[in-house]
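The structure appears right after this line, and notes come after that.
Nothing in this text is a laboratory measurement; each read-out follows from the coordinates by a stated rule. Predicted, not measured: the structure shown is a model, and the values here were computed from it. Neighbour counts run over all protein chains shown; Cβ positions are idealised from the backbone, glycine included.
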Amino acid sequence: MRCLRLVLLFCLSLACTRKYADLGVLHKPSLARGTTAPAFPTLIAGAEDRLGACFNQFLFFSNADKEREQYQRNSLQALCPGKEWLMEAGVTSHWWTVLVFTRSCVELEARCAVRR
């Protein structure tokens, strides 16, 4: 009976979520300044680039979701080095928590765009 209570407590304490955002076409320099992107020129999709990371939180010693959010902002600039435009950009983030442990992950993907 005690074991059943522990299993039930574990199941009730488990929470998870997954989000996907389609960013479409991004102009990286404009994104860095926080301005709106200019009308994009004729672009063709090139190679695909991906970045991702996970962040852990035990009790209240760190903030995994805040670290994930900061990584996400900084990593959009790191996708497709040397390219000014991103096509078919997307962000997938997910996190889960069990009692006192949280794990927050993010995966960024985009196709490197080149002007025709």
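Would you calculate the convex hull of the Cα atoms in region 15-115 and tell me its volume per residue in Å³? It would help to have the intermediate numbers written out before the result.
Values: hull volume 9.2 nm³, N = 101.
In region 15-115, the Cα hull volume divided by residue count equals 91 Å³.
Could you pull out which residues in region 68-100 have an amide N less than 13 Å from a spot 7 Å beyond the Cα of Arg18, following the Cα-Cβ vector?
92-96
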